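The values are calculated or read from the model by the stated rules, or taken from the named source; none is laboratory data. Just so it is clear, the model here is predicted, and its values are computed rather than measured. Virtual Cβ from ideal backbone geometry, glycine too; neighbours counted across all protein chains shown. The accessibility values were calculated without ligands, DNA or RNA, using every heavy atom of the protein model including side chains. Shrake-Rupley method; radii C 1.70, N 1.55, O 1.52, S 1.80 Å.
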Amino acid sequence: MNIFQDIILRITKISIFFYLVLLTCPGLLSAQLNSVITIPVSSVEYQIPEHFPNAEVLRHPKNFYSGRVYRIKSDFPLLPIDSVTAQIKGTASGIERSLNINKLTAQFIDIYIPPDILTDVYTVFITVGDQKYQISFKINGLSLEHLTPEGGGAALLQLPEKLPPAVLYHGQVKCGSETVKCYWESALAGQPNDPTKLLLAVTNFTPAKTVYPIYYSLDGGKNWAPQPFTDFDYTKYCCDPRVRITSGGLGLFSALDIQDSEDPQGSLFLGFFGQEGLKRNMIKSGSPGSGLIADDYPVLNYSPLTDTIYVAVESLDEGIKQEGGRKYPHVLFASKDGGKTFSAINLFKLEIGHYDFPFIVSMDTTPSGALRANLVVTSGGDLPRTFARNEILRFSPTGDQYEVIPGFQFRNWFGTFSGTTLTPSDPRFWLLWSGPQMVIDKNAASPHAGRIYLVWAESEGVRTVNDPNSEYDFKLVQNTDIFLSFSDDDGDTWSNPLKVNDDQSQADQAFPSISIDSAGNVHIAFLDRRETIDQFAYDVYYAIFRNGKISRNIRVNHEHVPFVGGREPGDYMDMVVGYPSLAYVSYPCQNINNLPTDTCVAALNPTIIPDAGGPIFKRGDANRDKEVDISDAVRVLLYLFNGVKISCQDSADANDDGKLDISDAIIILNYLFKNDPPGLPEPFITSGYDWTEDSLGCEE
């Protein structure tokens, strides 16, 4: 054996020795080789708060998708958010992206996967201080090209500028950026005696980023400015805002902030806006002597007659945690001294403890100042729940006594939160807010003074998803519509429900909002997918209930709002404020990369919106094929010169002058080939009712 062979043999023996040592001492092996900690896939779940209804069902999906917030659980060191970074790299595509980190605790971090990534197996690299972590799992991507049937993303967002004449103008609250989104759960309020003064509260979708909770407008929503808080940690502001303005111009704002836990629990606070400037009052953990911790879904209301501020909130209380199996009681706070002090009524003390999930979703006061609260009780382990009920808490004018009465009994309603698929062909999940929302006619001179209105979203039924690619296995609702009912005897009996949305499609309508003006008109806004049932987007529609009739529906947004499903756009929307001759609707809108980041506010004139009724058609569609093209101009000419029948003369009346003649064919051709005019009179963007009265008819 030569020297060289001897050296090789010695090195081999030494290597085998160290390998055996490391093999028999796994701790040593780990210490030497494991510079990157690998997290098991089982530690990845969707970011669903513990207190959220059916959280366990929603937290663990079958498949992962882009556009979602993932919660990655491990033993992370608790360090400032600035010391944490996350990157994603595709195995096949090689795509590398930095990721936005939403939260950090010692147990988990939340990261946001952008919607515009390709389907691939991705490795997420997380650096926390000096420690590195990695986890690999498959993500089903939603590319921006999915936003149009033809591809190209932004093309879907380019719609005709012409909107119904009821839409007066739009204002945009530019609070978003590449890393900050502030359109979730927007809440709008107007001063009762001055419709030019508005307040808008937004959710901080991206904790640890500076987001102003409140924006104000003094010109009817055309321009907006932030209203900063003093002595306020914006990184702890969270979510679930509600806002009201008193007749004296005092603004009230309630929301949740994050204290020392992963969920928005610990503090409920109120903001005050007036001539003396901005003030802030905390309803802190354990205050006012109840041992209750504000945890979720605060609902704000104000009685102008008794000058009482009400805030209902989901809460934690270890002392009554196990009563009737109810973990989280709902509590009502009331202040009669302008928010300086609050008294608490534990609503769990009512005889409703046998229900699985009771909580207040909306409330309002009567002309006498007495509070009425809408309580939803649900049961069951998946979405939709096994059953859901609506009850009314009826308080005395002094607020010291109350009773529970049955509310409107829904026909096919599965709870405040229900799930549906994004499109008929896409298996990912979209969480719908179904309401109900309540308002009361407080005008003592109104013929309907004291009338209670409810608006909600209700499904045609449920279906079970068996698609192996689906995001979840549980039941999903289908074809939800918006309904309205009212009670003239303080909630004892209710009117037959009226369908609010006037489309004939199988699309979902959800996220209802409701407001009542001084004349007793009820203003309703909701998210609508009648135009985007096969696309990853939605629109915002408005209707008014007056003189016992629902008006025709008006789309208020210029551009479709793209989305990727999940809990987007939040738990609820509180987006409509109405006056007798003016209405405002807030809604998510685009700012960065054609994705929703901001909140827009549209102003409408409800007085010119016709009542619903009559045939539905599309202007210029003379042959009723749902398109406007050259064949429609030909059909008009054949009608004029050959006597060919037109079943819907209203539709063929392209210039809406109340008669059929050659000018209708000419305007169709000018629209098609000269873009002059750029659009035809309503209904044109989508099929709808005629805006003008004439003698022309339309066969159904």
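Key figures for this structure:
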{"read-out": "Spin-label zone in region 614-628 - amide nitrogen under 13 Å from a point set 7 Å from the Cα of V644 along the C-beta vector", "value": "622-625"}
{"read-out": "Calculated FRET efficiency for the pair Y216/R97, C-beta based, R₀ 45 Å, to 0.05", "value": "0.80"}
{"read-out": "Mean separation of Cα contacts under 8 Å, 6 or more apart, over the residue count of region 559-700: relative contact order %", "value": "21 percent"}
{"read-out": "Gain on full stretching of the segment that runs from E699 to D382 - 0.36 nm per residue minus C-alpha separation", "value": "109.7 nm"}
{"read-out": "Alpha-carbon Debye profile of region 470-572, log10 I(q)/I(0) at 0.16 Å⁻¹", "value": "-0.79"}
{"read-out": "Value in Å of the Kirkwood radius, where region 404-551 supplies the Cα pairs that are averaged", "value": "16.2 Å"}
{"read-out": "Contour minus Cα-Cα distance for T119 and T105 (0.36 nm per residue)", "value": "2.1 nm"}
{"read-out": "For E314, solvent-accessible area (1.4 Å; no DNA, RNA or ligand), Å²", "value": "0 Å²"}
{"read-out": "FRET efficiency estimate (nearest 0.05) - Cβ-Cβ, K138 to K73, R0 22 angstrom", "value": "0.75"}
{"read-out": "Heavy-atom SASA rank of L527, L78 (probe 1.4 Å, accessible area, largest first)", "value": "L78, L527"}
{"read-out": "Radius 11 Å from Cβ of V564, net charge of other residues (Lys, Arg +1; Asp, Glu -1)", "value": "0"}
{"read-out": "Per-pair calculated FRET efficiency, R0 = 51 Å: T398 and I608 via Cβ, rounded to 0.05", "value": "0.70"}
{"read-out": "Other-chain or far-sequence residues with amide H under 5 Å of A537's (modelled H)", "value": "F563"}
{"read-out": "Region 543-576 and region 106-140: distance between their alpha carbon centers, rounded to Å", "value": "34 Å"}
{"read-out": "Long-range HN-HN contacts of N102 with modeled amide H, under 5 Å", "value": "D110, I111, Y112"}
